[in-house]
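Note sheet for the following structure.
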Amino acid sequence: MSAAETHGYTPGLRVTERAVIRRLRRLPLPGEVHVKAGDEVRAEQLVARTELPGNAVTVNVAHELSMTPQDAIDFIIVEEGEEVQPRQIIAESRSFWGLFHSIARAPIPGTIETISDITGQLLIRGEPIRVEIDAYIDGTVVQVQGDEAVVVETRGALAQGILGVGGEAHGQLRILCEAPDQVCHQGLVGEDCADCILVGSGRVTLDALQAAREVGAAGVVSGAIDDVELDEFLGEPLGVAITGQESLGLSLVLTEGFGDTPMRRRTFELLAEREGERASINGATQIRAGVIRPEVIVPEPQATWEAEGEQASVGLSVGSQVRLIRQPYFGMLAEVIELPEELEEIPTEARVRVARVRLQDPGEVTWEHVAEPREVITVPRANLEIIEG
Amino acid sequence: MADHEALRSILATDCGSTTTKAILIELVDGEYRLMVRGEAPTTVEAPYEDVTRGVLNAVREVEELSGRTLIRDGSIIRPQDDGRGVDAYVSTSSAGGGLQVMVVGLVRSMTAESAQRAALGAGAIVMDVIALDDGRRDYERIERMRELRPDMILVSGGVDGGEVRKVVEMAELVAAANPQARLGAEYELPVIFAGNEDAREPVREALERVTQLTVVENLRPTMERERLGPARGEIQELFLQHVMAQAPGYPALMGWTDADIMPTPAAVGTLIEAVAAREGINVVGVDIGGATTDVFSVFEGTFNRTVSANLGMSYSISNVLAEAGLDNILRWVAAHPDPRRLGNEIRNKMIRPTTIPQTLLDLTIEQATAREALRLAFDQHKMLATELKGVQRQRDIADAFGAAGAETLVDMMALDLIIGSGGVLSHAPRRSQAALMMIDGFEPEGITRLAVDSIFMMPQLGVLSTINEQAATEVFYRDCLIPLGTCICPAGRGRDGSPCCRVTMRTDSGRRELEAAVGEMHLLPLGEDETAQLTVDPVGAFDVGAGRGRAVSGEVQGGVVGLVLDCRGRPLELPEDDTERTEAIARWQDALDVYPRLPEREEAAS
């Protein structure tokens, strides 16, 4: 590796107009696949279905009949494998010529799975739980993996976010803001936002999210949010960035993070150009190993163009376009002009690998810690991410 | 592998969840020394799904730095031949989330807690503890077991000759859940039964149909006795046979190593136990990582480990904020940062976990957060590292539902050494920062040595100690452990400014006396290879180990920081008044020369 190139940087988020996007749609257990390779599918279309074993409920018959497990077994009147209805009598005892009568009933509908003569317990397995998987994106089924999964492919625009909440959603893109740094507030959300994916730009406010949920919007994409407002939206503090399972009635994708950070201009313009088109979003995020980022996909299923190449494998080098991802320069864009080989001391006294970068838009510096906005600054390489194509 | 006694070179790797770290150790003039260290991203996850790629990348960096060829045909050359390769290769692993175990027992504070200790001691993350008194209904327990997908389940319950029926009921619950293993859909989930020996047969009947059941000796054969060894050993054995064998690339990696691959925390625990045994001391070790904080302790020969799964400095930093609260973090900062901005910055660290503090204020906030993570993790450790509950009197299960808490084994006054590791401690720009973080987070009492792991190689040295203790020991003391010094912390309370203790220190270069007042901190220079004869004479309200007001004398060791005299009292309480608090924090930081200048001055300057 040359001195001017390094892999010691944070891979950036992908924002591209032309990508070939494949998404695996997998059932938790084998089941039925309802499509075949070559089928064109819509995002909301069912592609596979299965049934998970139902919840299990135990009934302590010995306790219900007030006798030992060994005695209770003789009074159980159902057998393993038998179906039962709710409130159906499953064990019954009579003593003193019927004077004392004890019964145990099935608490749920289901099937008797086991009867234990050691514990006097009986296990009822409830009705199977149906799981259905949709296509998530408009596209074509390109692969069927047995009775478990399919792969859907589309061409289209892709913008990865940094953090999302809520699961998958799809709808028509509707742009709420006019510039990348505008605060996305309640007043911008109207009744006509129902079923849409709403695109803000800068910080989205809690009241805007609540309004979007009230009018029945499918999702919101915006640059950033205040941490306390996200907690309130979630109903609990977000402790670890493993998300996607929340039931919020609205999915949210943040492209930049927390605070007053504007959406990257390229992302905003890419989405703005596609206003009115169908889009799919997924709020699922997992920052730890096996990074999963939230995403916005705007499919063009009929397109035939060549995809833009992924640039993730290109290392950081002089001339790289980067974004600064830590205070005091958080959110600013810059160009790498030098990558010193030797470690250098930064204001914390830590000796680290640094990059010298030229800020692209120093006039926009509004962060209070930047004492003297300079055109060329020195930053730890760990605090910049390369802008991916 | 070459004869253990004649190892000339050793390669050791630790496959972490994010990074794979490799170290090369060589025998130089009769002593084992660390030569170089390399690292590369771990490759267990997609798109690579082969742990050996990350291992080879890390080893390649070691090759480049050492100029020694270590890899041939995609494998590590062994034994050493003509300056190429190494005589032994060992590895630890916590990749893919480490070893994840679910624990089932009868009573939460008794057999379930013993089982939890066994799993933690084996290096596992305990995902949940299911017990009769956990406040859940059966269907909730079953749902929980189904959704968690652990690597294995440890079932305990009942002392030998005791309760059988309830134990079998719990086993039936496990069977009803029919839990699936996390890795590899095709194989049955390993389950270990380590409960009442009389329950073995019915438990077999309940569980053998749906799980891969192993039965080991009861881990709580009597109320008075824990026997964790067999269960711990079986967990590690199953970790190798099943979990590792299913993880991407591990079968190949297992073929390369000269000792069984150990879960990373188990290896660290092995090393800390060895240090405590060798020196005959009480030790606390902490590894504060990005996602989790592990705490290890050995008191009077009893080893305990806890892992706080959601207390960490990057992935889990928001959880530290949620659990500690913003005020508790800010109390350690000698400045007044805007709370809104601070909350957002902590969240931004969570979503961009590899970034580092760039301003002094940012550094102080990160280190303040670390203090709270250490405090919370240590509180959790003290609650689990206890004497056996249920020992003092005869009782049955019903009694135990209302059982009072047992005494913690963690005795801060008897603690001899604290070892810190993890980026925020090991890579703090000044060593005094690491020392003060550990003192504030753990609140040691009396006289305690402090050290940090220079580059976090305790896992590799832990697994190395299983094949060559000499090599592990020599590298540990010469290249791994950085002595920070000794802290003297009188326990007790007093009015600020009133006398606390008199300290007399004698070294080769002379004698020094110091009268210290309550609320003060002092730093007395004493270098890394120096010792001093010290007498600490506390006033009546304070205790340094011999009782209130009684003097203590002895030899103390220096370090890269020196001797820290902490007269703030115990338990540590910060001034309630905001101005007084920030002034006190600034004074203490200045006394220990912790920061180049105060953050508030930096903020004022900007």
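From the backbone phi of the stretch B:515-521, what are the Karplus-calculated ³J(HN,Hα) couplings (6.51 cos²θ - 1.76 cosθ + 1.60, θ = phi - 60°) in whole Hz, Gly and Pro given as x?
Using θ = phi - 60°, the values come out as 9, 10, 9, 4, x, 9, 10 Hz.
Counting pairs of Cα atoms in the stretch A:136-200, how many percent are more than 15 Å apart?
Of all Cα-Cα distances in the stretch A:136-200, 69 percent exceed 15 Å.
I need two numbers for the stretch A:159-235: Rg to one decimal and Dmax as a whole number, Cα atoms only, in Å.
When restricted to Cα atoms, the stretch A:159-235 yields Rg and Dmax of 11.3, 30 Å.
Please report, for the Cα atoms of chain B, the Rg to one decimal and the Dmax as a whole number; what are they, in angstrom?
25.2, 75
Given the options A:71, A:260, A:226, which has the most mean-square fluctuation in a GNM of chain A, springs set between C-alpha atoms less than 10 angstrom apart?
A:71
Run through the stretch A:41-98 and list the trypsin sites (Lys or Arg not before Pro) located in a DSSP loop whose Cβ has at most 11 other Cβ atoms within 10 Å.
Loop-located and lightly packed - A:87.
Can you check what the Kirkwood hydrodynamic radius comes to for chain A, Cα pairs only, in Å to one decimal?
24.7 Å
Calculate one ³J(HN,Hα) per residue across the stretch B:428-437 by plugging θ = phi - 60° into the Karplus curve 6.51 cos²θ - 1.76 cosθ + 1.60, and present them in order as whole Hz with x for glycine and proline.
3J(HN,Hα) across the stretch B:428-437, in whole Hz: 4, x, 10, 5, 5, 5, 4, 4, 5, 4.
Where does helix A:206-215 land angle-wise versus the long Cα axis of chain A, in degrees 0 to 90, nearest 10?
50 degrees
If you average 1/r over all unlike Cα pairs in the stretch B:131-210 and invert the result, what Kirkwood radius do you get in angstrom?
12.9 Å
Quick one: P(r) of the stretch A:88-163 from all Cα-Cα pairs, 5 Å bins, percents rounded to integers, in order of increasing distance.
The percentages, shortest bin first, are 3, 10, 12, 11, 9, 9, 6, 6, 7, 7, 7, 5, 4, 3, 2, 0.
Expressed in whole Å with the largest first, what are the equivalent ellipsoid semi-axes of the protein assembly as shown derived from the C-alpha gyration tensor as the square root of 5 times each eigenvalue?
Numbers: eigenvalues 408, 349, 175 Å².
One finds semi-axes of 45, 42, 30 Å for the protein assembly as shown.
Below 24 Å, Cα to Cα, which lysines can residue B:382 reach? Residues fewer than 8 away in the same chain don't count.
Reachable lysines: none.
To make sure I understand the rule: partners must be aspartates and glutamates, Cα under 18 Å from the Cα of residue A:36, and not fewer than 8 residues away in the same chain. Which ones qualify?
The qualifying aspartates and glutamates are A:44, A:132, A:134, A:138, A:147, A:148, A:153.
Using a cut-off of 20 Å between alpha-carbon atoms, which lysines can reach residue B:166, once sequence neighbours fewer than 8 places away in the same chain are excluded?
The qualifying lysines are B:389.
Which of the three applies to the stretch B:399-553, rounded, prolate or oblate, going by the alpha-carbon gyration tensor with a ≥ b ≥ c and a/c under 1.5 meaning rounded?
On the way: a/c = 2.03, a/b = 1.24, b/c = 1.64.
It comes out oblate by the Cα gyration axes.
Could you work out, residue by residue across A:116-126, how many beta carbons of other chains sit within 10 Å of that residue's beta carbon, and then give the average as an integer?
Taking the mean over all residues of the peptide, I get 5.
When you take every Cα atom in the stretch B:311-389, what is the radius of gyration, and what is Dmax, the widest Cα pair distance, in Å?
13.7, 48
Taking only C-alpha pairs under 8 Å that are 6+ residues apart, what is the relative contact order of the stretch A:37-179 in percent?
This gives 32 percent for the stretch A:37-179.
May I ask for the Kirkwood hydrodynamic radius of the stretch A:190-245, worked out over all distinct Cα pairs and given in angstroms to one decimal?
By the Kirkwood definition, the hydrodynamic radius is 11.9 Å.
In whole angstrom, note down how far apart the Cα centers of the stretch A:8-77 and the stretch A:150-165 are.
23 Å
How much of the DSSP bridge set in the protein assembly as shown is antiparallel, in percent, rounded to the nearest 5? Provide the component values of the computation, followed by the final result.
On the way: 152 of 207 bridges.
The antiparallel proportion sits near 75 percent.
Give the angle, between 0 and 90 degrees and rounded to the nearest 10, that separates the Cα long axis of helix B:165-177 from the longest principal axis of the Cα atoms of chain B.
Helix B:165-177 sits roughly 80 degrees off the main axis of chain B.
Set the Förster distance to 25 Å, then compute FRET efficiency between residue A:95 and residue A:70 from the Cβ-Cβ distance, nearest 0.05.
Values: r = 16 Å, r/R0 = 0.65.
With a Förster radius of 25 Å, E is 0.95.
Give me P(r) over the stretch B:1-144, computed from all C-alpha to C-alpha distances, binned every 5 Å, as integer percentages.
Each 5 Å bin holds this share of Cα pairs: 2, 9, 15, 15, 12, 10, 9, 8, 7, 6, 4, 2, 0, 0.
Pairs of alpha-carbon atoms within less than 8 angstrom and 6+ residues apart define the contacts here; what relative contact order does chain B have, in percent? It would help to have the intermediate numbers written out before the result.
Numbers: 1375 pairs, mean separation 66.4, N = 606.
Here the relative contact order equals 11 percent.
In which sequence would B:508, B:543, A:195, A:138 go, from the one with the fewest C-beta neighbours within 10 Å to the one with the most?
B:508, A:195, B:543, A:138
Per residue of the stretch B:578-593, in order, report the coupling 6.51 cos²θ - 1.76 cosθ + 1.60 (Karplus, θ = phi - 60°) as ³J(HN,Hα) in whole Hz, putting x for Gly and Pro.
With the stated coefficients, the stretch B:578-593 comes to 4, 5, 4, 5, 5, 5, 5, 4, 4, 5, 5, 5, 5, 4, 9, 6 Hz.
With point charges of +1 on the Cβ of Lys and Arg and -1 on the Cβ of Asp and Glu, referenced to the Cα centre of the protein assembly as shown, which listed residue (B:18, A:348, B:95) lies farthest in the positive direction of the dipole?
Checking the options against the dipole of the protein assembly as shown, the answer is A:348.
Using the 2.2 N^0.38 Å rule of thumb for compact globular proteins, work out how the stretch B:180-298 stacks up: its C-alpha Rg over that value, please.
Against the compact-globule rule of thumb, the ratio is 1.28.
When the helices in the protein assembly as shown are scored as -39500 (n - 2.57) per DSSP H run of 4 or longer and the sum is shared across all residues, what 222 nm value do you end up with, to the nearest 500 deg cm²/dmol?
Mean residue ellipticity at 222 nm (helix-derived): -7000 deg cm²/dmol.
With the radius of gyration and the Kirkwood radius both derived from the Cα set of the stretch A:48-122, what is their ratio Rg to Rh?
That ratio equals 1.06.
Note down the relative contact order for the stretch B:201-308 as a percent, whole number, built from C-alpha pairs under 8 angstrom at least six residues apart.
12 percent
Could you state, as a whole-number percent, how many of the C-alpha pairs of the stretch B:85-231 are farther apart than 26 Å?
Of the Cα pairs, 20 percent sit more than 26 Å apart.
Ranked by Cβ crowding within 10 angstrom, fewest neighbours first, how are B:227, A:203, A:265 ordered?
A:265, B:227, A:203
Only Lys, Arg, Asp and Glu count, each charged at its Cβ (+1, +1, -1, -1), so figure out the dipole size of chain B about its Cα centre, rounded to 20 debye.
With only Lys, Arg, Asp and Glu charged at Cβ, the dipole is about 640 debye.
Here, each number is a calculation from the coordinates, and none is a lab measurement. The structure presented is a predicted model; accordingly, all values stated were derived computationally and were not measured. Positions of Cβ are backbone-derived with ideal geometry, glycine not excepted, and every protein chain shown enters the neighbour counts.
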